[in-house]
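The values are calculated or read from the model by the stated rules, or taken from the named source; none is laboratory data. Given the structure is predicted, the values throughout are model-derived calculations rather than measurements. Positions of Cβ are generated from backbone atoms using ideal geometry, with glycine treated the same way; all protein chains shown enter the neighbour counts.
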Amino acid sequence: MKLELRGITKKFGAFTANDSIDLTVESGQVHSLLGENGAGKSTLMNVLFGLYEPTAGEILVDGTPVRFSGPGEAMAAGIGMVHQHFMLIPVFTVAENVALGDEHTRAGGILDLETTRRRIREISDRFGFHVDPDALVEDLPVGVQQRVEIIKALVRDARVLILDEPTAVLTPQETDELLDIIRQLRDSGTAIVFISHKLREVKAISTQITVLRRGRVVGTADPGADQSELAALMVGRDVVLNRAKSAPTLGEETFTVSNLTVLSPDGVRLVDDVSFGIRQGEVLAVAGVQGNGQTELIEAIMGLHKAQGSIRLDGEELLGRTTRQVIRAGVGYVPEDRSTDGLVGPFTVAENLVLNRYDRPPAGNGLQLDPKAIRRLAEKRVQEFDIRTQGVDLPVGTLSGGNQQKVVMARELVDDLKLFIASQPTRGVDVGSIEFLHERIIRERDSGTPVMIVSTELDEVLDLADRIAVMYHGRIIGIVPGDTSRDDLGLMMAGIDPAASPQDTTPKGATA
């Protein structure tokens with residue numbers, strides 16, 4: 001099967017998400033779409049899958065122009081899509097999920113799940129998926145749930161399979177298993193469109209690479225291309241991907257969390273008896289697949305969740321304090337969702353830069369603001385953090401994702417910090433901005449501040465961490481050195497505690 005996109009353009013009002021994109025993928029190929037978040041990759045695939053109507057351009061299947069008014073028509077033409085966020089019903093079995101929307105019935109209109117079970121077993125045996133048709137989806141690991149999504153497409157005889165950011169929620173081992181599955185599908189003749197911003201995976205799996213930037217194709221590359229070449233294509237300039245950081249110079253352990261437990265409203269332990277400490281001048285990174293208690297842990301520290309246990313900073317108890325009081329104690333906090341929790345979109349860049357200290361000098365005195373001082377402070381921070389804006393009086397919501405994240409960082413990285421916490425510090429940020437933000441985090445560490453990072457990106461964890469705490473089902477499986485292998489970290493992220501993992505270690509090469 002040969003699939004062609006010719007001159008595909010998709011506009012939302014005045015905004016052009018895709019601009020005259022050409023793309024061809026054939027049977028037995030893995031064509032990767034590489035680009036940062038917001039580059040237009042997912043929009044393009046949603047056009048192909050019939051979820052969006054193209055503004056201009058055409059789609060051809062085996063040389064014949066087609067037009068899809070919905071996903072059903074795309075699937076009927078042999079196109080399947082596995083979305084970044086799974087489209088599964090947790091309380092249904094695998095067979096029930098696979099049958100949904102393509103139900104087979106016996107005489108009398110009775111649902112025929114046995115046919116679906118047989119097809120699942122056939123596909124599972126053929127590709128080594130090891131999926132039980134009668135298992136409840138909610139009981140399956142994330143990696144197996146993704147296989148169910150792939151089975152859903154293959155049961156419908158998909159000859160083109162679109163995988164949208166398929167490794168976003170997988171452990172390293174699950175990622176490797178998925179890449180092996182993709183190779184098998186490729187070798188069986190399936191045409192695959194692999195969407196990602198992860199250079200390592202794109203190089204490992206692709207037969208051809210197309211790079212998007214700001215909705216346009218900016219180049220194509222061979223899988224043998226160097227990662228730095230691909231990164232430069234993505235952002236339009238040379239980028240340092242792996243910065244060399246010096247060994248930490250450690251001070252006292254000034255931040256400690258002891259026996260911290262967070263319960264959900266129905267009594268489930270979201271954070272389960274967690275204890276750790278961070279010394280001055282080190283980065284502790286919390287790793288794990290999203291949804292294992294990392295968010296609740298950080299929110300408990302910041303006074304956003306009720307918790308039991310103890311949280312102490314410079315000997316003072318933070319548990320039970322309000323978020324404002326925690327910030328006043330010297331904590332800088334970058335939340336995982338900047339648009340919801342980190343910024344006020346309609347407020348200006350200058351106003352957002354003082355959200356955490358608008359009632360203190362120089363921004364104000366508790367009774368009134370000082371607009372001139374706020375502007376001076378904003379202009380200084382914009383220059384220092386290389387925030388690309390046409391003016392500090394513009395709404396922060398008009399900035400790109402990377403520049404919005406820089407605004408949050410610039411606000412939180414103040415001179416008198418006693419602790420810096422950043423949750424998903426580079427989510428939705430281009431490679432160039434990642435380079436800058438990582439540099440600022442390490443600079444904060446080197447100034448002697450204890451730093452705590454939460455990230456689901458293993459490359460980011462390995463780049464920044466002096467020690468790594470891995471969370472699984474609300475507990476810390478282990479705390480290991482920052483140079484721990486990806487394989488060991490992947491096992492821990494899956495809940496397996498390597499026997500050699502110490503509960504507390506001094507970072508390799510550290511001086512105390």
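Numbers at a glance
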item	result
Residue among GLY281, GLY277 that alone is at pLDDT 90 or above, part of a loop (DSSP other than H, G, I, E, B), of a type in the set (Gly, Ala, Ser) and surrounded by 15 or more Cβ atoms within 10 Å (Cβ to Cβ)	GLY281
In region 165-190, residue farthest from ARG147 (Cα to Cα) [restricted to those that are small (Gly, Ala, Ser) and out of contact with any Gly (no Cβ under 7 Å at 6 or more places or on another chain)]	SER188
Failed item in (1) closer than 30 Å to PHE12 by Cβ; (2) free of Cβ contacts under 8 Å to residues at least 40 places away in the same chain, with ARG214 passing the rest	(2)
Residue satisfying condition, being surrounded by fewer than 22 Cβ atoms within 10 Å (Cβ to Cβ), over 20 Å from VAL218 (Cα atoms) and touching a residue at least 60 places away in the same chain (Cβ under 8 Å), within set VAL66, VAL61	VAL61
Selection status of THR93, modelled with pLDDT under 85, closer than 29 Å to MET471 by Cα and either of a type in the set (Val, Ile, Thr) or in contact with a strand residue (DSSP E or B) (Cβ under 6 Å, 6 or more places away or on another chain) (or both)	no
Matching entry among LEU464, LEU437 (being touching a Ser or Thr at 6+ places or on another chain (Cβ under 6 Å) and under 21 Å from VAL235 (Cβ atoms))	LEU437
Of all residues in region 366-391 being part of a loop (DSSP other than H, G, I, E, B) and over 27 Å from the mean Cα position of the chain (by Cα), the one that is surrounded by the most Cβ atoms within 10 Å (Cβ to Cβ)	ASP370
Residues located in region 4-20, provided they are touching a strand residue (DSSP E or B) at 6+ places or on another chain (Cβ under 7 Å), closer than 16 Å to LYS41 by Cβ and not polar (S, T, N, Q)	LEU5, ILE8, LYS10, ALA17, ASP19
Subset of region 475-512 that is among the hydroxyl-bearing types (Ser, Thr, Tyr) and not assigned by TED's automatic domain parsing to the domain that holds ASP273 - its residue that is modelled with the lowest pLDDT	SER501
Criterion: at pLDDT 90 or above, out of contact with any helix residue (DSSP H, G or I) (no Cβ under 6 Å at 6 or more places or on another chain) and buried (at least 16 other Cβ atoms within 10 Å of the Cβ) - qualifying residue of GLY50, GLY78	GLY78
Residue among LEU33, LEU23, LEU60, LEU5 that alone is assigned to a strand (DSSP E or B), within 25 Å of the chain's Cα centre (by Cα) and under 25 Å from THR207 (Cα atoms)	LEU33
Subset of region 447-488 [over 23 Å from VAL429 (Cα atoms) and among the aliphatic types (A, V, I, L, M)]	ALA469, VAL470, MET471, ILE476, ILE477, ILE479, VAL480
Conditions (1) in contact (Cβ under 8 Å) with a residue 12 or more places away in the chain; (2) under 22 Å from GLU351 (Cα atoms); number of the one not met by GLN390	(1)
Residue in region 111-124 that is out of contact with any Ser or Thr (no Cβ under 6 Å at 6 or more places or on another chain) and part of a loop (DSSP other than H, G, I, E, B) present	no
Where a residue in region 322-343 is part of a loop (DSSP other than H, G, I, E, B) and its partner, wherever it lies, is crowded, with 22+ Cβ neighbours inside 10 Å and of a type in the set (Ser, Thr, Tyr), with Cβ under 8 Å and at least six apart	PRO335/SER423; GLU336/SER423
Restricting region 445-458 to residues that are more than 23 Å from the chain's Cα centre (by Cα) and farther than 13 Å from PHE255 by Cα, the residue that is surrounded by the most Cβ atoms within 10 Å (Cβ to Cβ)	ARG445
Condition check for ALA168: assigned to a loop (DSSP other than H, G, I, E, B), at negative phi, in contact (Cβ under 8 Å) with a residue 12 or more places away in the chain and surrounded by fewer than 21 Cβ atoms within 10 Å (Cβ to Cβ)	yes
Test: residue in region 117-124 that is assigned by TED's automatic domain parsing to the domain that holds SER27, exposed (fewer than 14 other Cβ atoms within 10 Å of the Cβ) and at positive phi	no
Which numbered condition PHE194 misses (of (1) of a type outside the set (Lys, Arg); (2) in the same structural domain as GLY474 (by TED's automatic domain parsing); (3) touching a residue at least 12 places away in the same chain (Cβ under 8 Å))	(2)
Search result, residues across region 290-302 that are at pLDDT below 95 and touching a Ser or Thr at 6+ places or on another chain (Cβ under 6 Å)	GLN290
Residue selected from region 125-142 under the condition assigned to a loop (DSSP other than H, G, I, E, B) and crowded, with 18+ Cβ neighbours inside 10 Å, by the criterion farthest from the chain's Cα centre (by Cα)	PRO133
Of the criteria (1) modelled with pLDDT of 85 or more; (2) more than 28 Å from GLU296 (Cα to Cα); (3) buried (at least 20 other Cβ atoms within 10 Å of the Cβ); (4) of a type in the set (Gly, Ala, Ser), which one ALA363 fails	(1)
Residue list for region 70-84, restricted to those being closer than 14 Å to MET45 by Cα and part of a loop (DSSP other than H, G, I, E, B)	GLY70, HIS83, GLN84
